[in-house]
């Protein structure tokens, strides 16, 4: 006879893992804000810039922003950010969002 699965325990474990991943993502986003120097901006300005970027339909602007972001990570600032996250299981030099925890 097979042992019955404890569905409640499995659901609790999944919820705990989801909570951990969410807190890790929030931490990494905060580290990104600090590494870019955006923490010097007023919260309203930063929120406005992010909302504008998210709502933008201009592919040319998005490509320019992406290029700047890639250059940021290549020049070393991203490595510092990723190595700080390496204690959380991330690979040093890996861009945030590139891993399974994205």
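The values are calculated or read from the model by the stated rules, or taken from the named source; none is laboratory data. Because the structure is a prediction, the values reported are computed rather than measured. Ideal geometry is used to build each Cβ from the backbone, glycine not excepted, and the neighbour counts take in all protein chains shown.
Restricting to segment 9-42, and then to whatever is at pLDDT below 95 and exposed (fewer than 10 other Cβ atoms within 10 Å of the Cβ), can you tell me which residue is farthest from residue 68 (Cα to Cα)?
Among them, the one singled out is 9.
Could you list, in sequence order, the residues of segment 17-41 that are over 24 Å from residue 75 (Cβ atoms) and touching a helix residue (DSSP H, G or I) at 6+ places or on another chain (Cβ under 9 Å)?
24
So which residues in segment 32-43 are assigned to a helix (DSSP H, G or I) and more than 9 Å from the chain's Cα centre (by Cα), if there are any at all?
Our first condition is that a residue be assigned to a helix (DSSP H, G or I); within segment 32-43, this holds for 32-36, 38-40, 43.
Hits for segment 32-43 are 33, 34, 35, 36, 38, 39, 40, 43.
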